[in-house]
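Okay, so here's the structure we're looking at.
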Amino acid sequence: MFDKALFYNSLKTLSFGKNIYIYDTVTSTNNVLLNGDFSYGSVITASSQTKGKGRNGRIWIDTGSSLLFSILLTGLSTEMLMPFNIIAGYAVCSGISLYAETKLKWPNDCVINDKKVSGMLLEASFTGNKAAKIVFGAGINVFNKEFPEDIAYRATSVCLNTDKEIKKELILAETLNTMEQMLNQYKEGILKIEDLWQEYSANYNKKIYVHINGVKKEMIEKGILPTGELIVQDINTNQISNINIGEIGYDFNS
C-alpha cells in the first residue's frame, strides 16, 4: 500500500509528482504514461507490472518488492535527453541514499557496493528536434531479499544494505525533489553534469570493459562530456575515446 499522505508531506517540487496515479498492476508504468493523456510532471507508480523492461530490451524482474514509477516530461530538445538521463540517474541514487550510499554506473544504473539496485529506461516521441513526450521510468529493488541465480552475484536491494525502516514514499519523494531541482539548475547553466559525475560515479578512474565491434577491451573511465557521453582511455594504447549509447556495447563487470 502506497501512503499518499506521507509522500506529499515529503514532496517539495513545483511540478514533479504533484499529480500521482497509484495502481496495483500495470503492463509497465512507462506504457501508461506513453499511451495516456497526462500533464507535465505526472507520476505513475504501481505495486507490480507484467511487462517491465530496461535498456536494450532487457526484462526488469518484478517480484512485488520494488518501487516502480515513471514520470512524464515535455519540451526537452534532443540534445538534452542524454544529460537528463544522467540527472535522473543521480536523482534516483539520491532517493536510495536516504538508506544506503549509492553510486552511478553509466549511463544511469544505481549501485550499492558495485551491485545493481535500480534500473532505468528513458523513452520519447519526437516532433522535429524536440521530444514531444518523454517518459522516464525506474525500478528500484527495495524489499527484495533473494534474486534469481543468474543475477544474484550482481544484484542487491535497499533492505539488504540498511537497518533503517524503509519507506518507498520517501525514496520517491526525494528522487523527484532532486530531479526537478537538478533539471532546473542544468537549464539555467548552473549545474555541470560532468562535475556531478566525477563525484558520484562508481567507476571514475577505474577499469571497465567496453565492447567495440564484438571485441572486449579494457578501458579506464575518465568522466563524461557535457553531452553525457562517457570518456574512456584504452589501457593498452592510452587512446581517449567517447561512448555514446547505441554506438557500442559496454560492460562494467571487472
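The values are calculated or read from the model by the stated rules, or taken from the named source; none is laboratory data. Small disclaimer: the values here were computed from a predicted structure and weren't measured. We place every Cβ from the backbone using ideal geometry, glycine too, and count neighbours over all the protein chains shown.
What tally of residues in the range 82-93 results from selecting those that are out of contact with any strand residue (DSSP E or B) (no Cβ under 8 Å at 6 or more places or on another chain) and either part of a strand (DSSP E or B) or among the hydrophobic types (A, V, I, L, M, F, W, C) (or both)?
Residues meeting the conditions: 3.
Yes/no matrix, rows are residues, columns are (1) in a loop (DSSP other than H, G, I, E, B); (2) of a type in the set (A, V, I, L, M):
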| position | (1), (2) |
| --- | --- |
| LEU196 | no, yes |
| GLU199 | no, no |
| TYR204 | yes, no |
| VAL210 | no, yes |
| LYS217 | no, no |
| GLY228 | yes, no |
| ILE231 | no, yes |
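Considering every residue within the range 71-81, establish whether at least one is part of a helix (DSSP H, G or I) and at pLDDT 90 or above. If you could, list the steps in order and put the result at the bottom.
Taking the range 71-81 and keeping what is part of a helix (DSSP H, G or I), we get 78-81.
Keeping just the survivors that are at pLDDT 90 or above gives 80-81.
Within the range 71-81, one or more residues are part of a helix (DSSP H, G or I) and at pLDDT 90 or above.
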> Are any residues in the range 1-30 under 18 Å from LYS167 (Cβ atoms) and of a type in the set (Lys, Arg), and if so, which ones?
Replying inline: LYS4, LYS12
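Listed here are the residues, each with its yes/no results for (1) in the same structural domain as GLU101 (by TED's automatic domain parsing); (2) modelled with pLDDT of 90 or more; (3) closer than 26 Å to SER94 by Cα.
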| site | (1), (2), (3) |
| --- | --- |
| ASN213 | no, no, no |
| THR227 | no, yes, yes |
| ASN238 | no, yes, no |
| ILE243 | no, no, yes |
>> Of everything in the range 94-113, what is of a type in the set (Val, Ile, Thr) and not in a loop (DSSP other than H, G, I, E, B)? Give them in sequence order.
In response: ILE96, VAL111, ILE112
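Identify all residues within the range 195-218 that are farther than 24 Å from VAL117 by Cβ and surrounded by 13 or more Cβ atoms within 10 Å (Cβ to Cβ); write none if there are none.
Start the filter on the range 195-218 by keeping residues that are farther than 24 Å from VAL117 by Cβ, which leaves 212-218.
Selection gives ILE212, LYS217, GLU218.
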> Does the range 129-145 include one or more residues that are exposed (fewer than 15 other Cβ atoms within 10 Å of the Cβ) and either over 20 Å from PRO226 (Cα atoms) or outside the structural domain of PRO83 (by TED's automatic domain parsing) (or both)?
Replying inline: yes
> Is it the case that some residue within the range 98-111 is modelled with pLDDT under 90, of a type in the set (S, T, N, Q) and buried (at least 20 other Cβ atoms within 10 Å of the Cβ)?
Replying inline: yes
> Quick one: in the range 122-163, which of the residues that are in a strand (DSSP E or B) and either of a type in the set (Val, Ile, Thr) or in contact with a Cys (Cβ under 8 Å, 6 or more places away or on another chain) (or both) is nearest to LEU68 (Cα to Cα)?
Replying inline: ILE140
